[in-house]
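The values are calculated or read from the model by the stated rules, or taken from the named source; none is laboratory data. None of these values were measured; they are calculated from a predicted model. All Cβ positions, even for glycine, are placed from backbone atoms using ideal geometry, and neighbour counts span all protein chains on display. The protein model used for the area step is the full one, side chains on, heavy atoms only, and it has no ligands, DNA or RNA in it. Shrake-Rupley method; radii C 1.70, N 1.55, O 1.52, S 1.80 Å.
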Amino acid sequence: MIRNYIKTMWRSLAKNRTYSFLNIGGLAIGIACASLIYLWVEDEVNFDSVNTKKDQLYFVMENQQYDTYVFTEGSTPGLMAPAIKAELPGVANTCRLSEGGTSLLFSQGDKSVFSTGQYADKEIFSMFTLPFVQGNAEHAFDQLHSVVITRKTAKKFFGNDNKVIGKTIRVDNKQDYVVTGVLKDLAPNSSLQFEWLMPYKIYYDRSPWLKDWGSQSTSTYVELRPGVDPKAIDKQLYGYIQKREPKALGHAFLFPMNDWHLYNDFSNGKETGGGQITYVHLFTVIAWIILFIACINFMNLATARSEKRAREVGVRKVLGAAKKLLVAQFIGEAIVMAAISAAFAMLLVTLALTPFNMLVQKQLMLGLDNPMHMLMLVAVTLICGLLAGSYPSLYLSSFNPVAVLKGIKLKDSGAAMIRKGLVILQFSVSIILIISTIIVYQQIQHIKSRPLGFNKNNVVEMDMQGGMAKNYTAIKQDMLNTGLVSDVALADHELIYGGNNTDGLTWEGKPPGSKILISQRYITPEFMQAVGLKIIDGRNITISDTARPIRMIVTESLAKMLTRGKGSAVGKTLHFEGDTTQARVVGVVNDYVYGNMYGKPDPVMFFAAAPQNTNTMFVRFKPQNSVESVLTAMQKVMKADNPAYPFDYRFTDTMFDNMFLTEALVSKLSSVFASLAILISCLGLFGLAAYTAERRTKEIGIRKVLGASVSGLAGLLSKEFLQLVIISCAIAFPLAWWRMSVWLKTYQYHIDINLWVFIAAGMVALIIALLTVSFQSVKAALANPVKSLRSE
């Protein structure tokens with residue numbers, strides 16, 4: 001019997017090749033999309049899973065209360081880690097890392113390359129899972145000038161040499177470091193990312209601010225003992241810093257590793273429950289939506305073709321086939337088709353994985369040898385088969401055998417209504433995705449094109465390396481002499497850097513107890529011109545302004561605080577709490593966006609700095625020159641004035657764009673999956689249009705004989721489907737407006753939703769549907785009516 005069912009199924013597939021292709025193709029695209037999304041989601045939810053102590057590891061963060069908001073940051077005093085390890089019984093271990101990544105020049109023989117890493121306590125090797133392939137954790141940092149590198153870094157320095165322990169690497173052309181360990185390459189989905197590690201003591205000894213409890217300047221990690229409640233530790237940490245530095249604002253708390261990647265969004269000092277998990281949920285829903293749309297295609301086409309199999313069902317029932325056997329047969333056919341679709345989907349995933357990885361910046365693999373992947377594939381196949389085959393099987397098995405075999409026309413009104421409802425559902429979802437994609441793109445462009453207060457274009461930034469500070473005057477003049485460069489300046493940080501701030505300032509008229517976070521920048525006088533900041537009151541700073549009393553420039557928002565919105569801030573004096581140092585305002589510049597690209601930036605004060613007290617060089621080149629010619633000229637200057645270091649640079653506008661990588665990824669993925677949802681919907685619509693044209697062949701023939709035009713017939717056949725798309729628009733528009741309004745409210749700086757977005761999305765859906773249906777409509781209208789009516 002099973003063999004007969006299989007024969008029947010294959011004959012049906014072979015006889016109806018177009019519909020078989022549409023069914024299998026639609027399901028294959030749906031399963032392929034869901035599979036790609038699943039691989040991405042799996043990588044996201046498994047972030048840091050390589051760490052065996054993941055449930056016991058925490059990052060120490062601080063909440064700082066200011067006048068209008070609570071600021072949450074992950075920067076803590078350098079003295080904190082050893083102190084809490086010694087004093088809090090529930091803490092098993094602690095570890096400090098220097099903040100961010102430090103780029104150093106590593107030289108081995110005649111090879112010199114920049115490499116990025118961090119300074120860390122030796123406890124990092126026991127707290128985090130960092131397997132050694134050479135050397136061991138116990139003795140990795142026995143020597144002060146030792147370095148542990150990853151296997152990838154070792155290959156970069158030493159080629160295929162498998163024994164690098166004990167070899168030396170010269171760092172920054174100053175000090176030789178001994179390689180004491182080689183680590184297995186870090187997983188791409190690991191929060192810790194570095195090419196090398198050096199003893200934290202090196203960083204500690206040369207950074208005096210690390211010894212101050214009032215200075216937040218290091219990253220602190222904590223390992224709790226098994227069974228210890230982190231909330232109990234949080235209570236002990238709340239006033240921990242204040243006991244040592246009463247003026248400190250930061251109240252420390254533990255942030256679990258399980259939340260580092262997915263739940264890292266804070267608002268007013270509290271976790272919002274948002275972060276990367278928002279996008280994980282979003283794309284999981286999209287995956288199921290696309291699968292559902294693909295299943296709808298199957299259901300629609302199967303029920304639409306029901307008349308073709310009506311006699312088969314009638315004969316089977318007359319011969320004694322029970323309804324449940326017929327249901328099982330048709331569901332079995334759906335599962336087999338889903339399995340065929342799954343096989344084709346895996347081929348599509350294999351072909352699409354490389355470009356998909358480039359899009360999402362990951363290293364995902366299909367991994368069919370992974371039992372979990374196979375289980376998910378089987379589960380999706382069964383779900384699709386059951387979902388797609390459920391209604392068609394019940395519908396087909398319900399036919400009255402007497403009516404079927406007598407040739408009585410089957411009543412199709414109920415099935416037709418369901419088909420129309422499913423088409424409306426398909427296109428409603430697709431239109432919502434189109435609208436959402438447009439609005440996400442608009443929001444990103446809105447933020448990227450907001451008034452920044454500075455000119456990010458045509459600016460190159462370089463880290464101060466080697467003799468750049470000492471030779472700054474020569475470098476600056478040589479750059480200007482190329483004729484390609486208009487300005488050269490120095491600063492202590494990148495232009496859009498969000499750190500280095502203080503609340504320890506007072507001034508006349510400041511309310512008692514008021515706490516305002518103000519960022520500090522140290523610059524050379526050319527900085528304003530180089531980055532495009534405008535002095536709107538007073539004058540620019542000069543190198544002589546470093547003498548006491550210190551003179552400074554403030555942003556417009558800080559000037560308004562100093563004057564309470566009345567008069568000029570020039571001449572106003574600020575005092576540093578606990579210090580006799582005074583700073584006098586000599587100029588005011590416009591506010592500019594930095595740090596948080598989505599919110600309102602804190603006020604800034606600029607101080608003059610000598611070249612040796614800066615970290616970044618800014619070079620503005622003239623826009624009429626090609627980038628290649630500018631970089632070539634700059635490289636020649638740097639080779640002449642700083643020959644010991646390779647030319648290394650970055651563009652300010654590229655760094656700015658990198659601030660929106662997650663949102664840009666969401667926009668791109670949304671557009672891709674919205675397009676695929678429309679494609680799958682159109683495959684089903686194409687099949688339904690062909691079926692409708694086939695059913696109305698004789699009607700079309702009679703109309704043509706009676707003088708109907710081709711355009712009139714095509715319009716007649718298309719009208720029904722276009723009506724369904726219009727209904728879909730009416731359903732999708734309010735739902736899309738509501739959902740995207742909620743999403744936009746999560747941004748302080750956001751667009752207003754325009755009516756044209758809905759009109760455009762509706763027109764796109766209508767045009768696509770019209771093109772899809774019109775092919776079959778025109779084909780039917782052009783058919784020879786004689787052939788259509790010959791059998792009458």
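In terms of distances greater than 24 angstrom between alpha carbons, the cross-link table entries K211/K270; K534/K668; K270/K600; K111/K167; K156/K201; K54/K184 yield K211/K270; K534/K668; K156/K201. Here K201 and Q624 are evaluated by their C-beta separation; at R0 = 45 Å the FRET efficiency comes out at 0.35.
Once you have a ≥ b ≥ c as the square roots of the Cα gyration tensor eigenvalues for region 108-226, tell me rounded if a/c is under 1.5, and otherwise prolate or oblate according to whether a/b is larger than b/c. Oblate, since a/c reaches 1.5 and b/c is not below a/b. Each peptide in 664-677, 563-576 receives the mean, over its residues, of other Cβ atoms within 10 Å, and ordering these scores from highest gives 664-677, 563-576.
Note that region 630-684 carries a Kirkwood radius of 15.1 Å, evaluated over its alpha carbons pair by pair. About the Cα centre of region 413-549, how large is the charge dipole given +1 on each Lys and Arg Cβ and -1 on each Asp and Glu Cβ? Please answer in debye to the nearest 20. Rounded to the nearest 20 debye, it is 700 debye. Which percent of the accessible area of region 499-620 is formed by carbon and sulfur heavy atoms (probe 1.4 angstrom)? Of all accessible area on region 499-620, carbon and sulfur atoms account for 49 percent. What you get for region 207-308, charging only the Cβ of Lys and Arg (+1) and of Asp and Glu (-1), is a dipole of about 100 debye around the Cα centre.
When region 587-655 is described by a simple charge dipole with +1 on each Lys and Arg Cβ and -1 on each Asp and Glu Cβ, the residue from V604, Q635, V593 located farthest towards its positive end is Q635.
Projecting the alpha carbon convex hull of region 527-652 along each direction and taking the average yields 10.7 nm². Annotation: region 511-570 has a Kirkwood hydrodynamic radius of 13.2 angstrom, from the mean reciprocal C-alpha pair distance.
How would region 174-292 be classified by its alpha-carbon gyration tensor: rounded, prolate or oblate, with rounded meaning a/c under 1.5 and the a/b versus b/c comparison settling the rest? Here region 174-292 falls in the oblate category. Sorting 508-514, 757-763 by their mean Cβ neighbour count within 10 Å, with the most densely packed peptide first, gives 757-763, 508-514.
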